Amino acid sequence: MTTIKKTRAHRPSKTGRRHPLASVALIAIGLLFTGGAYAAFSTSTAVATTDASSQQTIAEGEKLFAANCATCHGLSAQGSTEGPSLIGVGAASVDFQVGTGRMPMQMQGPQAQKKPVQFTSEQIAALAAYVASLAPGPAIPAAELLDAAAGDAANGAELFRINCAMCHNVAGAGGALTEGKFAPAIENVSAQHIYEAMITGPQNMPVFNDMNITPEDKRDIITYLKYVEDNPSPGGLALGSLGPVAEGLFIWIFGLGAIVALTVWITAKSN
Amino acid sequence: MTTVNTRESAGDQTVGAKKTGGFTATAANYIDERTSISGAVKELGRKIFPDHWSFLLGEVALYSFVIILLSGSFLTFFFQASMAEVVYDGSYAPLKGIPMSVAMSSTMDISFDIRGGLLMRQVHHWAALLFVAAIGLHMLRIYFTGAFRKPRELNWVIGFILFILAMAEGFTGYSLPDDLLSGNGLRIIDGLVKGIPVIGTWTSFLLFGGEFPGTDIVGRLYSLHILLLPAIIVALIAMHLLFVVVHKHTQYPAAGHTNQNVVGYPVLPVYAAKAGGFFFIVFGVVMLIASLFTINPIWNYGPYDPSPVSAGTQPDWYIGFADGAMRLIPPGWEVVWLNHTYSLNIVVVLAVVGLFIVTVMVYPFIEAWITGDKREHHVLDRPRNAPTRTAIGAAGVTFYASLWAAASSDIMATHFHLTMEGVIHTLQATTLLGPILAFFIAKRVCLALQKKDREIVLHGYESGRIVRLPGGEFVEVHQPVDEYERWKLVSYSDFKPLMLRPNAQGKIGPAEKVRAGLSRWFFEDRITPVTQTELNRAHGDHPSAITDQEHQSAITDK
């Protein structure tokens with residue numbers, strides 16, 4: 001290997017078409033571009049979070065962080081063997097993880113479980129502001145992107161089936177992943193948390209950035225999920241929306257169970 | 001009674017005799033004179049059916065089928081089996097403006113825009129699930145009581161074909177709405193077909209009229225679903241019931257029940273009333289379920305599109321065992337040979353499931369060959385009295401149940417907080433080892449129960465009363481079993497392993513050796529029924545014969 005490298009290094013113009021610094025230049029351009037885009041994005045949504053980013057809130061958040069999060073994430077959120085670095089995860093990540101009770105994590109496991117929220121909304125905002133102050137990252141979405149009434153449920157349903165249903169099930173009932181991980185049911189999840197999950201990709205979820213699903217499309221998905229939540233199944237009780245397994249279990253236990261009980265009653269000898 | 005006698009003696013010489021019967025008799029006579037139906041009514045009306053809850057399971061299947069026919073006819077009025085593309089414009093908002101096939105759109109209309117449509121769809125689907133479940137339970141009853149023995153082997157085969165046809169009906173129906181779930185199901189079938197070596201791809205193209213999914217499959221499945229399969233099912237049900245009439249119904253062993261008689265109620269009037277009423281009860285249960293519980297919410301699944309697959313995509317329960325079998329195959333079972341890939345992961349599933357199905361279908365002939373039993377059997381076996389058969393059944397049930405459970409491996413993983421891999425590995429183990437374990441456990445339990453029965457017949461039930469005999473000996477008084485109960489406990493056929501006998505040429509062929517070996521395996525461990533001699537001896541020297549009077553004297557003597 002070394003000999004080949006050496007020969008290549010000696011005669012770059014003959015063996016390759018690209019200049020050896022071309023890839024470095026490309027990466028630099030790419031970084032500039034994405035960095036610029038992120039900066040532009042965070043400034044555009046910074047209006048909604050002016051209060052949260054004041055120095056006082058950040059300082060309060062830092063204190064809370066040191067007391068509750070630093071054990072795993074490190075004193076300056078740089079991460080440790082117990083938890084990932086939080087530099088650049090953004091306010092949206094903190095708001096989702098802490099706001100749904102997943103953080104602080106109850107125990108190490110395949111993934112952080114939802115549980116009762118441990119902090120007040122002011123404390124969560126302070127933590128988010130502190131983490132957001134470390135480096136730019138996805139911000140908490142503006143209210144107009146979360147208005148379920150303004151979205152198109154049909155478009156949202158189609159996007160949901162294509163992008164989300166393979167893990168979360170078509171009705172958002174959740175589903176299994178590998179090694180004990182799972183996609184949770186998306187029932188009674190606030191619009192803000194749904195949106196944040198899409199832009200930050202918590203746990204095993206991929207990130208759906210704005211190039212992939214536009215903010216309007218994200219709002220449509222929220223509209224669909226809220227539609228499913230607000231409108232009970234037209235067919236009666238939904239049996240968990242789990243599909244044929246629940247239906248089969250039901251017919252064997254309750255359907256056939258009732259029928260067998262009735263056969264016993266019909267053939268019972270009169271006393 | 002007297003009027004009947006006078007009429008009979010008077011014969012049909014006078015027209016005036018009609019007056020005695022009133023309208024019903026006149027109408028009945030009118031029909032009889034033109035159809036000679038009285039012969040059939042006399043024969044069928046006096047047909048005796050024994051009364052036992054488990055004998056009604058087949059009826060449940062029959063009634064579910066009637067419900068399916070009725071609700072299905074309603075659905076055909078509105079369903080359009082076409083895969084032409086339309087834009088949905090019905091009442092369900094989250095699908096408005098979405099392009100879909102006419103099949104899906106008409107199913108949506110049935111669900112949302114046709115009065116009673118959704119209820120009928122749900123009745124149809126729930127009744128279909130109940131239909132196959134009732135057949136399954138009915139089959140288990142037949143198997144474990146040995147009702148498939150001579151002369152009913154052919155009826156077992158017919159019934160089993162009905163079971164397979166019911167699954168085919170279910171699967172074709174599941175695929176008709178052309179929603180995401182049904183399309184995913186068809187894609188699995190397509191993959192299965194394509195996995196068959198040599199002919200797979202051609203067969204798939206033949207089925208789908210080109211590359212999957214094409215625009216033909218819904219129309220083709222519809223023809224099968226509403227025409228061909230139901231016609232065969234109706235014909236086979238007729239044969240199945242005809243055989244029941246010809247063979248007469250089996251009965252459980254009890255005092256007075258023999259191979260020559262049937263103890264029960266005549267069809268007319270008691271049994272007909274009960275069975276007719278039972279139809280409405282089954283209909284009511286299905287209606288209740290269908291009006292309260294959603295089934296196959298196609299509005300959630302949306303139209304079929306080959307790219308998305310929902311989490312929790314499963315077939316209906318009766319196809320689950322085949323789906324589960326595929327989930328249990330370890331990864332990487334593919335070989336490349338002569339530039340072609342052979343998908344063992346599919347070939348093995350098809351072979352194992354196929355072998356299992358064929359074995360179940362021909363089981364009556366296998367058992368008859370092994371036991372060499374050529375007698376007719378109209379009295380059922382209690383499962384414990386045929387330990388090896390019961391054990392084979394338990395093994396089969398365990399095998400099927402493991403495959404079946406595997407179809408819901410993902411749901412089990414999420415709902416019991418397990419890992420998917422853990423569930424799959426556990427089920428792989430139960431599929432291979434479970435049947436063996438179940439065989440031995442079931443056989444030992446049967447033998448133990450038989451021993452218990454023997455004990456009860458010979459010594460009666462323990463009464464807990466300790467008596468001191470004149471000689472000073474203490475004995476416990478046993479309550480002897482009554483005559484009726486004893487009949488049930490002792491009257492079962494006893495088998496011994498077959499003797500290897502040379503044939504006419506004086507030779508013992510390999511087939512005979514296999515047969516003798518299997519026969520030994522079948523009957524090696526057995527508990528023989530109590531004989532009269534044993535019974536007499538037991539009663540002769542046992543205090544269970546002590547009557548209360550003797551008892552009293554025994555106590556006073558002390």
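Is the C-alpha gyration tensor of region B:290-370 telling us rounded, prolate or oblate? Criteria: a/c under 1.5 is rounded; beyond that, a/b larger than b/c is prolate, otherwise oblate.
Numbers: a/c = 3.54, a/b = 1.23, b/c = 2.87.
Note, shape of region B:290-370 comes out oblate.
Starting from the Cα gyration tensor of chain A, take the square roots of the eigenvalues, sort them a ≥ b ≥ c, and report rounded, prolate or oblate (rounded when a/c is under 1.5, otherwise prolate if a/b is larger than b/c, else oblate).
Numbers: a/c = 2.16, a/b = 1.68, b/c = 1.29.
Here chain A falls in the prolate category.
If you take every DSSP beta bridge whose two residues both sit in chain B, what share of them, in percent to the nearest 5, is antiparallel? All intermediate terms of the calculation are to be shown ahead of the outcome.
Details: 16 of 17 bridges.
Expressed as a percentage, antiparallel bridges in chain B total about 95.
Considering Cα pairs under 8 angstrom that are at least six residues apart, work out the relative contact order of chain A and quote it in whole percent.
Values: 323 pairs, mean separation 43.3, N = 271.
With pairs under 8 Å counted, the relative contact order is 16 percent.
Normalised by the residues of chain B, what does the relative contact order come to in percent, with Cα pairs under 8 Å and at least six apart?
Values: 695 pairs, mean separation 84.7, N = 558.
Contact order relative to length: 15 percent.
When N is the residue count of region B:405-508, what does its C-alpha Rg come to as a fraction of 2.2 N^0.38 Å?
That works out to 1.98 for region B:405-508.
In 20 Å bins starting at zero, report the fraction of Cα pairs in region B:48-381 per bin as a rounded %.
27, 52, 21, 1
Output the direction-averaged projected area (hull surface divided by four) of the convex hull of the alpha-carbon atoms of chain B, in nm².
Mean projected area for chain B: 42.2 nm², to one decimal.
Take region A:116-158, compute every pairwise Cα distance, and split them into 10 Å bins from 0; I just need the percent in each bin.
Histogram of Cα-Cα distances, whole percents per bin: 22, 32, 28, 18.
Return the average number of partner chain Cβ atoms within 10 angstrom of each residue Cβ along peptide B:406-419.
5
Excluding residues fewer than 8 places away in the same chain, name every one of the aspartates and glutamates whose C-alpha is closer than 15 Å to that of residue B:488.
Here the aspartates and glutamates satisfying the reach criterion relative to residue B:488 are B:381, B:453, B:455.
Run the dipole for the protein assembly as shown about the Cα centre, Lys and Arg Cβ at +1, Asp and Glu Cβ at -1, nothing else charged, and hand back the magnitude in debye, nearest 20. Let's see the in-between values first.
Values: 60 positive and 65 negative charges, 566 e Å.
Rounded to the nearest 20 debye, it is 2720 debye.
Output the peptides B:443-450, B:255-262, B:339-346 sorted from most to least packed, where packing is the average of other Cβ atoms within 10 Å over each peptide's residues. Walk me through the numbers before you get to the answer.
Working: B:443-450: 17.2, B:255-262: 12.8, B:339-346: 14.4.
The most tightly packed comes first, giving B:443-450, B:339-346, B:255-262.
Take every DSSP beta bridge with both residues inside region B:48-381 and express the antiparallel ones as a percent of the total, to the nearest 5. Each step should come with its number before you reach the end.
Working: 10 of 11 bridges.
Bridges in region B:48-381 that DSSP calls antiparallel: roughly 90 percent.
What is the Cα convex hull volume of region B:196-328 when expressed per residue in Å³? Could you put the intermediate results ahead of the total?
Values: hull volume 33.5 nm³, N = 133.
About 252 Å³ per residue, rounded to a whole number.
Can you give the relative contact order of region B:271-427 as a percent, counting alpha carbon pairs under 8 Å and 6+ residues apart? Before the final figure, lay out the partial values.
On the way: 92 pairs, mean separation 47.6, N = 157.
30 percent.
Per the Debye formula with a single identical scatterer at each Cα and no solvent contribution, what log10 I(q)/I(0) holds for region A:141-260 at q = 0.13, 0.16, 0.20, 0.23 Å⁻¹?
Scattering profile of region A:141-260, log10 relative to I(0): -0.56, -0.78, -1.10, -1.37.
Under 18 Å Cα to Cα from residue B:42, which aspartates and glutamates show up? Leave out anything in the same chain fewer than 8 places away.
Partners within reach: B:8, B:32, B:33.
Normalise the Cα radius of gyration of region A:195-271 by 2.2 N^0.38 Å (N = residues in it) and let me know the number. Please report the intermediate quantities before stating the final value.
On the way: Rg = 22.5 Å, N = 77, 2.2 N^0.38 = 11.5 Å.
It is 1.96.
Give me the one-decimal Kirkwood hydrodynamic radius in Å for the protein assembly as shown, with the sum taken over alpha-carbon pairs. Mind showing how you got there, number by number?
Working: mean 1/r = 0.0302 Å⁻¹.
Kirkwood hydrodynamic radius for the protein assembly as shown: 33.1 Å.
In the calculated pair distance distribution of region B:172-243, what percentage of Cα-Cα distances lie above 17 Å?
Working: 1337 of 2556 pairs.
In whole percent, the share of Cα-Cα pairs in region B:172-243 beyond 17 Å is 52.
Quick check: from the Cα gyration tensor, does region B:86-237 come out rounded (a/c under 1.5), prolate or oblate?
Working: a/c = 2.79, a/b = 1.47, b/c = 1.89.
In terms of gyration-tensor shape, oblate.
Given just the C-alpha atoms of region B:466-530, how large is their convex hull per residue in cubic angstrom? Walk me through the numbers on the way to the answer.
On the way: hull volume 10.9 nm³, N = 65.
In region B:466-530, the Cα hull volume divided by residue count equals 167 Å³.
How would you rank B:361, B:139, going from fewest to most other Cβ atoms within 10 Å of each one's own Cβ?
Working: B:361 16, B:139 20.
Arranged by neighbour count, lowest to highest, B:361, B:139 become B:361, B:139.
Report, in listed order, any pair from A:181/A:218; B:374/B:513; B:248/B:374; B:248/B:443 with a Cα-Cα distance greater than 21 Å. Before the final figure, lay out each step's value.
Values: A:181/A:218 24 Å; B:374/B:513 19 Å; B:248/B:374 18 Å; B:248/B:443 30 Å.
From A:181/A:218; B:374/B:513; B:248/B:374; B:248/B:443, over 21 Å: A:181/A:218; B:248/B:443.
Read the figures in this text as sums done on the coordinates, not as results from a lab. Every value quoted in this text rests on a predicted model; they were computed, and no experiment measured them. Methodologically, a virtual Cβ is constructed for each residue, glycine included, from the backbone with ideal geometry; neighbour enumeration extends over all protein chains shown.
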